[in-house]
Every structure is written in C-alpha cells, then in structure tokens.
Amino acid sequence: MEFSEGSNKSLMGKETCCNNNNGVTIRTAQNMSSSFMRKKSDPILVSTIRFRILRELLANLQEVILGTKLAVLFPAIPLAIAADFYKFGRPWIFALSLLGLTPLAERVSFLTEQIAYFTGPTVGGLLNATCGNATELIIALFALYRNKIHVLKYSLMGSILSNLLLVLGTSLLCGGLANLKREQRYDRKQADVNSGLLLLGLLCHMLPLMFKYAVKPETGVSIAEYTLELSRASSVVMLVAYIGYIVFQLKTHRQIFDSQEEVEDEDEEKAVIGFWSGFSWLVGMTLIIALLSEYVVGTIEAASETWGISISFISIILIPIVGNAAEHAGAIIFAFKNKLDISLGVALGSATQISMFAVPLCVVVGWIMRIKMDLDFNLLETGCLALTILVVAFTLQDGTSHYMKGVVLCLCYAAISACFFVHKIPAPLDQTNVQSGLNPSLSA
C-alpha cells in the first residue's frame, strides 16, 4: 500500500483524519501541512524478503523512519544521547536534541493520522487534538517537573507567537506574492471561532497580571497567593472552553471546519501501517521526545551562557521554529497553492490549542504537583501576546488576503524577536534538585 500525498480531502483545524459518514477519507490541516515533508516508499525494496515478520518490520521502518524528507535529521537523536553519555558540552546536547525533535514532531503527526484510520471520527479527533502539539507540551511538562517555570512560560508563549505571526505571516506573504493577479480568499467562520478563543485566553492571562498591579502591597493581601488561585480558576475556565471547542469542532459544527476545496482526487487513502504498529511507534517516539525534551530543558541555561543568547530568545524564538518546522513549511506551501483555509487551520489551530489547552493544563498539573505555576507571564510577555492577537484579529477580519498583510505580521515577529534578543534579565534559579532526581549532568 502506498501513501498518497496528493489527496485534496482535508479538514480544517484539529479534526480527525479518518472516514466520515460517507466513507471518504478526511485529513486535518496540520496533517496536510506535514504531508509535504513525506515521501512515498518503494514496496519492492522489502517485498523480496522471505520471512513475513522481518518483511513487515522492515516495511514499517521504511514507512516510519525513511518516509519523511527530514530523515536526514534522525542521526541527531543518537548523537544527542551519546553526547550526554560521554559528557560532551551541554550546548552540543541542546543543539542536537533540538534538531532531533524536528523529524519526531512530523512523525507523530503521521502516526496519529495512521491510527485515526482505525479509531473512528470522535476518538481520532480527540487523539489529534491531544497530540497536535505534543513536542511543545512535553517540553513544557518537563520544564514544569524541573520547576523551570520561566522556560515553560517562554516556550508556550513562543509557540503561540510563532504560529500567529511567523507561520501565518509567511503564509500570507508567500501566498500573496505567488498569486498577485488574483484575490486570495478564505472562510472567515473558522478564523472568527479561533480568534474568539484566543481573546478569551488573553483575558485569562491578563487577569492575574492586572490583579497584581491593582492590589496595593500595604493592604496586607498576599498577592502571590491570590494570583495563583485566580490563575487556577481561570485555567479551569480555559479547559472547559477548549472542551466546548472540541465538541463544537468535531460534532455540532463540523461544516465550519470542512474544506471548501473541490475534490480533485477521488482515490481513497489507506493506512500504510497497522493500528498496533502505529500505536507502538507512537509510544516509542513519544518516549524519545520526552528524553530529548529533558535534554533541552536541562541544558538551555548552558546553551544561553555559551552562545551569549538570552534564555527568553531561545525559548520564545528558536525552540518553536525548530520544533514545528515541517508543519510550518507545509502551511506555506499550501498558501503558495492558494489554499489559505488550510494554512489558517494550521496557524490558528495550533495557537488555539497551545493557549487554551497546553497552558491551562500545565497550571492544573502544577497544582496537582504542588508547584506554583500561574498565568502571570509578566508585563512584557503578556503585552506582546495581547498586541499579537489584536493584530491578527484585525488582519483576518475581511476574509481576503494580500502579501502586505503577510509583511506586517512578519515584521511584527521580527520586532518581538529583537525585543527578546536584548532581553537578558537573569532567569529565576532552578529548584529542581530538590524534587526531580533526573540526570545530574543536565542540572542547570
């Protein structure tokens, strides 16, 4: 069985990649964007092997490991492990781990797509909604476990900014330049839904910050304690909103997120690996992502000191760009092909998931772990997030696009990048040695 890259059956945002009621294969915007990094496998290479088990194993290896154009980056994974084992410089461990995460993020998207062929639309949609930003979420949870709250907040906020400004801006810019002689249009309904959720998330982010500045210290009120309680309450609200978003997207209003593209290829796609093979590969790659995420979190301070780059710039700018490179490249290619609905589905869908699911989930998990993780991202970071969401909301309000909109968003991202490049305020001390028990060679 071959994996077809050319199917135009797509579903916007975070929906399932499986059969709909008509039996036609549906794919997500994120999976569609990542599919441009994939390549077809030649079954002839393994069909001559006599032993069936060995033949199936090699076929799976061919599809999962060699079925991506990013396979050239897989050697970075054993190199990162070797660098840690032989006590190489920690900046090398950080760089190799970051490179190794790039193909893994794309392969997780591929594996969730394969599993969704067997699970049905609801389970497949929930799986994709959970694993859509698995790399960022795992890095954030490791940072939370090691009590590096500053790294957690920077990396999650960086993912939101990267999707809204860099991915969306580059898509609009490239799409506008490639289609100068025709107007680019997209469906505003999906953009309106995501913009509303992003504004709700922004409100929940701003409340603890405003509370901190509104309450005067001389009143005797414990500002930090009440800010933490407010953050936890707001996080519950955000998670409830995200659950409602999933129901809205997968059940009640699926048509809003359906692609308006005409189907040019009627050939139904099929899974190229079995359910249990896909599940096993997904678990294995998730464990590898967890290991590399531990390396990234444990060595980020050393990389910052050695390279002379602030932790905020590495976390907000570098990690999101490298971690989602495949997905971002696919979104830009779709914009070139005048399929902006898919590009918007990738950018806005990922930003919404990070803002409304990953961030409040970390607050709730920290609550369970008795770690003081709140929604106060400080004035500079929250201000950048607020202005970004407002600029994007105004940019998408008319349902049309041209390259100048992309220029504005890209320049906004460049200005924010410059801000955090010079933002070299010392980060809070790492307190993980008290509670983590992780590899001491990676302690900051």
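The values are calculated or read from the model by the stated rules, or taken from the named source; none is laboratory data. Source: prediction; values computed, not measured. Glycine gets a Cβ as well: all are built from the backbone with ideal geometry, and neighbour counts include every protein chain shown. Heavy atoms of the whole protein, side chains included, go into the accessibility calculation; ligands, DNA and RNA do not. Shrake-Rupley method; radii C 1.70, N 1.55, O 1.52, S 1.80 Å.
How high is the relative contact order of the range 72-207, given as a whole-number percent (alpha carbon pairs under 8 Å, six or more residues apart)?
12
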Legend entry - Net +/- balance of residues flanking TYR295 in space, Cβ distance below 12 Å, scoring K and R +1, D and E -1: 0
Legend entry - trypsin sites (Lys or Arg not before Pro) within the range 129-202, DSSP loop, no more than 12 other Cβ atoms inside 10 Å: LYS181, ARG182
Legend entry - Per residue accessible area of the range 135-197, 1.4 Å probe, in Å²: 31
Legend entry - Cα centroid separation, the range 64-87 to the range 157-209 (Å): 33
Inset, instruction - Holding the Cα-Cα limit at 28 Å, pick out from LYS251/LYS405; LYS251/LYS339; LYS212/LYS251; LYS181/LYS405 the pairs that are longer than that. - result: LYS251/LYS405; LYS212/LYS251
Inset, instruction - Mind ranking 238-248, 308-318 by how tightly packed they are, going by the mean number of other C-beta atoms within 10 angstrom, highest first? - result: 308-318, 238-248
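May I ask you to order 361-368, 341-348 by the average number of other C-beta atoms within 10 Å around their residues, highest value first?
My ranking of the peptides, most packed first, is 341-348, 361-368.
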Legend entry - Summed side-chain charge close to ARG232 - residues other than ARG232 whose Cβ falls under 14 Å, Lys, Arg +1, Asp, Glu -1: -2
Inset, instruction - List the chymotrypsin sites (Phe, Trp or Tyr not before Pro) within the range 56-95 that fall in a DSSP loop (any state other than H, G, I, E or B) and whose Cβ has at most 12 other Cβ atoms within 10 Å. - result: TYR86
Inset, instruction - Can you send over the carbon and sulfur percentage of the accessible area for the range 295-401, probe radius 1.4 Å, protein chains only? - result: 67
Legend entry - Per principal axis, descending, Cα span of the range 262-406 in whole Å: 51, 45, 34
